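Encoded as structure tokens, the structure appears first; notes follow it.
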Amino acid sequence: MGSSMLTLGPLDLDEIRSSVDSVLDAFLVDKSTTAADGCFPPEAIEIFRDFLRSGGKRMRPLLCLVGWHATAESADTEKVLRIAASLEMFHAFTLIHDDVMDNSSTRRGKPTVHRAFAHRYAARPDAMEFGTNAAILLGDLALAWSQELFHSAGLTPVQLAAALPVLDLMRTEVMYGQYLDLLTAKSFTTDLDHAMEIIRYKTAKYTVERPLHLGATIAGAEQDTKESLSSYAIPVGEAFQLRDDLLGIFGDPDITGKSAMEDLREGKGTVLVALALDRADSHQQSVLNTLLGDPDLDERGAEKIRSILLVTGACNTVEQMIADRHQAALDALGKANFSTAVTAALEQLATVATKRIS
């Protein structure tokens, strides 16, 4: 089986996104009521709600739903929508903790959660420390809530037994990828394979492959369907992260909602950096090794780095890698036996992932 047994009209991704947001909103309304009844401080849920509503492409929930439609024999999406919403809740957990680890100041054009808490309690002498600690707790809460959403979806015992290993694997893979990312920060290498390994675990599998697998598994997908989804997912996920690496350095903060300095100050060991170091002359290598990872890097230093990334051809190579992976994903869809609606939705999501400007 590689195609849907259900005759589908076009999948409206905006409608799916809106439905997922409705599930999340209803869940948080319930949590707000519980907090009020228990006399719990309301600001944590308020800050979390603001964070969730600040934007985001909802890529993982969308892919989960499309994966489900790749196999489903029912038009009833109530259960899988709740599963998809649990993925967005889990993603919120990863972003909140990631921003703490990176000491990021903005996310989606607004203060990160730890900064939002610090601003709320600016009168405290330990406002920044409090903000960091509160954000860690809120991230932990988002992780717990993702579990609650998942287990309250009403899956059958058979669906639950099949879905849990996929969910567990996704969580393990993204944590492994995050650890590799942390391990290689400010430890620059020309090892392109290692840089790509980080991308596969931190992004390709977590963002694209496992959400597709999760939705398909709940619908009862057979192995050939999952393999077809993987052939599409891995190149799309790799391209998604490669684009993110470019935007993190060359993107317009007013559009991306994120500073174009933070990745440089953190010293991320990206494919872009690996390529530049491999091609740089001794002077350029010295500049990169001196400036990348400098927490006090200014715009003048950042422009020196950007110039080297450009003149070594690293940026052009990454753009070609993105284009190649986008085409590989389309080729994989051409070989799969998905319905027209599923294929069209996956083509659209591949474009969103690889050609985005934010």
Out of contact with any helix residue (DSSP H, G or I) (no Cβ under 7 Å at 6 or more places or on another chain), under 30 Å from Gly251 (Cα atoms) and modelled with pLDDT of 95 or more, is that true of Asp21? yes
Being assigned to a helix (DSSP H, G or I), more than 24 Å from the chain's Cα centre (by Cα) and aliphatic (A, V, I, L, M) is true for just one of Leu346, Leu330, Leu309. Which residue is that? Leu309
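Each row is one residue, and each column tells you yes or no for (1) in contact (Cβ under 8 Å) with a residue 40 or more places away in the chain; (2) among the charged types (D, E, K, R); (3) farther than 28 Å from Tyr179 by Cβ.
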{"position": "Gly251", "(1), (2), (3)": "yes, no, no"}
{"position": "Ile255", "(1), (2), (3)": "yes, no, yes"}
{"position": "Glu266", "(1), (2), (3)": "yes, yes, no"}
{"position": "Leu272", "(1), (2), (3)": "yes, no, no"}
{"position": "Ser286", "(1), (2), (3)": "no, no, yes"}
{"position": "Gly293", "(1), (2), (3)": "yes, no, no"}
{"position": "Ala302", "(1), (2), (3)": "yes, no, no"}
{"position": "Ile305", "(1), (2), (3)": "yes, no, no"}
{"position": "Met321", "(1), (2), (3)": "yes, no, no"}
Does Ala163 meet the test of being within 18 Å of the chain's Cα centre (by Cα), among the small types (Gly, Ala, Ser), over 30 Å from Arg120 (Cβ atoms) and in a helix (DSSP H, G or I)? no
Scanning the range 180-201 for residues that are closer than 14 Å to Glu266 by Cβ and assigned to a loop (DSSP other than H, G, I, E, B), the one nearest to the chain's Cα centre (by Cα) turns out to be Ala185
For the range 88-97, give me each residue that is surrounded by fewer than 24 Cβ atoms within 10 Å (Cβ to Cβ) and among the hydrophobic types (A, V, I, L, M, F, W, C). Phe90, Ala92, Phe93, Leu95
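Quick grid of which residues meet (1) in contact with a Pro (Cβ under 7 Å, 6 or more places away or on another chain); (2) buried (at least 18 other Cβ atoms within 10 Å of the Cβ); (3) not in a helix (DSSP H, G or I):
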site	(1), (2), (3)
Gly9	no, no, yes
Ala35	yes, no, no
Phe51	no, yes, no
Lys57	no, no, yes
Leu62	no, yes, no
Leu65	no, yes, no
Ala75	no, no, yes
Val80	no, yes, no
Ser86	no, yes, no
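When the range 218-232 is examined, which residues are found to be assigned to a helix (DSSP H, G or I) and touching a residue at least 60 places away in the same chain (Cβ under 8 Å)?
Just the residues of the range 218-232 that are assigned to a helix (DSSP H, G or I), to begin with: 218, 223-232.
Selection gives Ile218, Asp224, Thr225, Ser228, Leu229, Ser231, Tyr232.
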Filtering the range 249-268 for residues that are under 17 Å from the mean Cα position of the chain (by Cα), in a helix (DSSP H, G or I) and crowded, with 21+ Cβ neighbours inside 10 Å leaves a count of 1
Can Ser105 be described as among the polar types (S, T, N, Q), out of contact with any Phe, Trp or Tyr (no Cβ under 6 Å at 6 or more places or on another chain) and closer than 16 Å to Asp50 by Cα? yes
For Asp278, are the conditions met, namely being part of a loop (DSSP other than H, G, I, E, B) and either touching a Gly at 6+ places or on another chain (Cβ under 6 Å) or farther than 28 Å from Ser54 by Cβ (or both)? no
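The values are calculated or read from the model by the stated rules, or taken from the named source; none is laboratory data. Everything numeric here is computed off the predicted structure, so don't read it as measured data. Because the Cβ atoms are built from the backbone with ideal geometry, glycine has one as well, and the counts that use them run over all protein chains shown.
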